[in-house]
1. Taking a probe of 1.4 Å, how large is the accessible area per residue of the stretch 12-76, in Å²?
2. If R₀ is 41 angstrom, what is the calculated FRET efficiency for the pair Arg27 and Gln81, using the beta carbon separation as r and rounding to 0.05?
3. How much net charge surrounds Phe102 when only the other residues with a Cβ under 15 Å from the Cβ of Phe102 are counted, with Lys and Arg +1 and Asp and Glu -1?
4. If Lys and Arg each add +1 and Asp and Glu each add -1, what is the summed charge of the other residues whose beta carbon sits under 9 Å from the beta carbon of Asp89?
5. Would the stretch 73-115 count as rounded, prolate or oblate if I go by the C-alpha gyration tensor, calling it rounded below 1.5 in a/c and otherwise prolate when a/b exceeds b/c, oblate otherwise?
6. When Lys and Arg each count +1 and Asp and Glu each count -1, what net charge do the other residues less than 14 Å away from Leu29, Cβ to Cβ, add up to?
7. Roughly what % of DSSP beta bridges within the chain run antiparallel, to the nearest 5?
8. Using a 1.4 angstrom probe on heavy atoms only, work out the carbon and sulfur share of the accessible area of the chain in %.
Amino acid sequence: QVQLVESGGGLVPPGGSLRLSCAASGRSLAIYVLGWYRQAPGKQRELVATITRGSDRNYAEFVKGRFTISRDNAKNTVYLQMDSLKPEDTAVYYCNVALGGFNAWGQGTLVTVSS
């Protein structure tokens, strides 16, 4: 079983930037599809971005052009670079690894976008 730990969340003003990291232990992430999800207060968890083992990327419409997902297999880490942040980006962000029916989640890191 892989263990995931997110970091990098915090308070940032609108228009600011933040980079989230998700470090894995237990096994290599090289073969997995990696993703970032978020859950805002009172809302369902939603997919933000994914990246395959071949670095094919997919983004939710609401973050296209603002967020960038990347992976570093040597460091066993997936990142989410967030630019031009908006108040509606405020949420707990979760790291996910998946392969077929297998899924693992981190504990989440809180991002608050506010003046």
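1. Per residue, the stretch 12-76 has an accessible area of 55 Å².
2. 0.95
3. Working: positive: Arg27, Arg53; negative: none.
Around Phe102, the surrounding residues sum to +2.
4. Details: positive: Arg38, Arg66, Lys86; negative: Glu88.
Net charge in that neighbourhood comes out at +2.
5. Working: a/c = 2.86, a/b = 1.90, b/c = 1.51.
In terms of gyration-tensor shape, prolate.
6. On the way: positive: Arg27, Arg53, Arg71, Lys75; negative: Glu6, Asp72.
Net charge around Leu29: +2.
7. Taking every DSSP beta bridge within the chain, about 95 percent pair in antiparallel fashion.
8. 49 percent
The values are calculated or read from the model by the stated rules, or taken from the named source; none is laboratory data. For clarity, every value in this text was computed on a predicted model and none was experimentally measured. Here the Cβ is made from the backbone with ideal geometry for all residues, glycine too, and neighbour counts use every protein chain on show. Surface areas here come from the heavy atoms of the whole protein model, side chains and all, with no ligands, DNA or RNA. Shrake-Rupley method; radii C 1.70, N 1.55, O 1.52, S 1.80 Å.
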